[in-house]
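This report concerns only the one structure given below.
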Amino acid sequence: MKAFLGTGLLGSNFVKAMLKRGEQVHVWNRTASKAKELELFGATAFDNLADAVKGATRIHLALKDDASVNEVLNTASNAFAPGAIIIDHTTTSKEGAIQRTKEWKEKGFVYQHAPVFMGPINALESSGFMMVSGDEEIINKLKPELSAMTGKLLQFGDEVGKAAAMKLAGNAFLV
């Protein structure tokens with residue numbers, strides 16, 4: 001079972017695509033009504049963040065920024081299942097991705113930053129680009145799952161935070 005935290009436009013369409021693939025998904029959003037809407041598609045919505053992650057082997061995030069990622073993960077962490085893997089699709093700083101990778105590893109969890117270049121329709125259609133960098137063994141383990149979520153998985157080597165830097169550089173070009 002997966003949990004998806006942050007069900008705005010991008011997150012909700014990621015969840016819909018997961019549900020179409022037959023996956024069981026728990027959802028949470030700060031605005032509870034956004035998560036509740038996904039129950040129409042087969043998700044299970046929770047008002048309580050800790051309840052949303054209970055039993056999840058994968059915890060996906062699509063949030064606002066570094067601060068919101070840190071806040072949500074810290075609030076939910078007491079309910080994380082042993083061995084749960086955190087996959088963060090949020091556009092964050094390189095430093096934030098590096099710090100969370102280190103911090104969650106010290107706590108016994110895997111944190112993998114996997115930002116995306118895609119809009120909501122791409123998330124629904126599983127097309128677009130997802131970026132990863134860091135531990136090759138972890139990335140290889142997650143590759144089938146992440147590839148199913150996107151049209152192309154771009155790997156930027158073993159430097160933790162490189163995917164975050166590439167996402168920010170790409171955003172700068174778009175502006």
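Brief remarks on what is shown
- Residue selection: Ala164 satisfies the criterion of being closer than 18 Å to Leu73 by Cβ and either of a type outside the set (D, E, K, R) or out of contact with any Pro (no Cβ under 6 Å at 6 or more places or on another chain) (or both).
- Selection of first residues in segment 107-133 that are under 18 Å from Asp158 (Cα atoms) and among the small types (Gly, Ala, Ser) and of second residues that are open to solvent by less than 20 Å² (accessible area, probe 1.4 Å) and in a strand (DSSP E or B), restricted to Cβ pairs under 6 Å at least 6 apart or on distinct chains, gives the following pairs, ordered by first then second residue: Ala114/Ile87; Ala114/Met130; Ala114/Val132.
Residue by residue, here is whether (1) of a type outside the set (Val, Ile, Thr); (2) in a helix (DSSP H, G or I); (3) under 15 Å from the mean Cα position of the chain (by Cα) holds:
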| position | (1), (2), (3) |
| --- | --- |
| Gln99 | yes, yes, no |
| Gly108 | yes, no, no |
| Ser147 | yes, yes, yes |
| Asp158 | yes, no, no |
| Lys167 | yes, yes, yes |
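- The residues listed here are Ala114, Ala81, Ala123; of these, the one that is open to solvent by less than 30 Å² (accessible area, probe 1.4 Å) and more than 22 Å from Ala17 (Cβ to Cβ) is Ala81.
- For segment 61-78, filtered to residues that are without any contact (Cβ under 8 Å) to a residue 40 or more places away in the chain and hydrophobic (A, V, I, L, M, F, W, C), the residue that is most open to solvent (accessible area, probe 1.4 Å) is Ala67.
- Here Thr91 meets each of (1) closer than 18 Å to Leu154 by Cα; (2) open to solvent by less than 20 Å² (accessible area, probe 1.4 Å); (3) in a loop (DSSP other than H, G, I, E, B) with one exception, condition (2).
- If you check Lys20, Lys34, Lys54 for being open to solvent by 70 Å² or more (accessible area, probe 1.4 Å) and within 30 Å of Leu168 (Cβ to Cβ), only one passes: Lys34.
The values are calculated or read from the model by the stated rules, or taken from the named source; none is laboratory data. This one's a predicted model, so the numbers in the text were calculated from it and none came from an experiment. Every residue, glycine among them, receives a Cβ derived from its backbone with ideal geometry; neighbour counts consider all protein chains shown. Just the protein is used for accessible areas: all its heavy atoms, side chains included, with ligands, DNA and RNA removed. Shrake-Rupley method; radii C 1.70, N 1.55, O 1.52, S 1.80 Å.
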